[in-house]
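Data first, discussion second: the structure below is written as structure tokens.
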Amino acid sequence: MTEFWETAFNDKKEMWGMKPAQSAELIKNFFIEKKIKTILIPGIGYGRNAQPFIENDIEVTGIEISQTAIDLAIEHFGNDLTIHHGSVTEMPFENKKYDGIFCYALIHLLDSEDRKKLIEDCYNQLNENGYMVFTAITKNSRQYGLGKLINKDRYEIHKGAKLFYYDEKSVKTEFEKYGLFEITEVEENQPMFLIKCRKNQIKQQT
């Protein structure tokens with residue numbers, strides 16, 4: 001995975017441009033409404049999705065596996081953000097907790113064990129009553145079912161890129177015990193779910 005992302009960033013630099021994803025703009029508004037002051041962005045890339053938060057005085061910390069991407073982020077944003085160099089599978093990188101976590105188009109790139117660990121690690125780094133929001137590719141993607149089948153709903157579409165495609169059932173299976181309270185759909189370059197969770201909203205066992 002490291003080699004895949006380093007090659008991608010080296011070849012294309014700001015491969016998605018500098019305009020933030022629609023999801024980042026939506027969640028910026030949501031975080032402002034909830035008075036979120038500090039956020040963590042696992043898989044921050046070169047920082048385009050940090051921009052809406054920085055511009056609204058939300059303190060941003062990121063995690064990024066590609067040094068090339070980190071260098072680009074520093075070039076664009078300087079000291080306006082902090083980035084830990086490493087894989088999200090190695091979280092946590094610090095003891096700090098955050099009011100919010102925004103994880104864009106990352107979780108579907110992981111296998112089931114790493115997805116479970118990422119969700120749990122993000123939840124554990126939230127302050128009390130904090131929010132975490134994930135975007136994840138859905139089965140409505142035109143790519144669903146293409147490429148090499150790895151296991152259920154997970155396909156290798158090209159070398160190094162293995163995608164797990166979510167439906168509402170799999171979202172609930174993976175997120176429900178971590179304060180899941182809303183699943184909505186948003187159209188990016190692929191159809192995505194916006195998955196919102198709140199700490200301390202864990203379902204009580206009856």
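For this structure, a couple of remarks:
- Within segment 59-180: Cβ-based charge dipole about Cα centre, in debye rounded to nearest 20 (Lys, Arg +1; Asp, Glu -1): 740
- Segment 141-206, relative contact order [Cα under 8 Å, separation at least 6], %: 22
- Cα centre as origin, Lys/Arg/Asp/Glu Cβ charges: the chain dipole, Debye: 640
- Under 10 Å, Cβ to Cβ, from Y104 - net charge with Lys/Arg +1 and Asp/Glu -1: 0
- Above-threshold pairs, the threshold being 24 Å between Cα atoms, out of K116/K172; K96/K139; K96/K117; K35/K199; K34/K162: K96/K139; K34/K162
- Distance from the Cα centroid of segment 132-189 to that of segment 68-82 is 29 Å (rounded to whole angstrom).
- Under a Gaussian network description of the chain, with springs only between Cα atoms under 10 Å, the residue in L72, L180, L126 that fluctuates furthest is L72.
- Proximal aspartates and glutamates relative to K37, as straight alpha-carbon distance under 15 Å, when same-chain residues fewer than 8 apart are discounted: E55, D57, E59, D80, D99, E128
Read-outs throughout are calculated quantities, based only on the coordinates presented, and are distinct from any laboratory measurement. Bear in mind that the values here come from a model prediction, so they are computed numbers and not experimental data. Ideal geometry is used to build each Cβ from the backbone, glycine not excepted, and the neighbour counts take in all protein chains shown.
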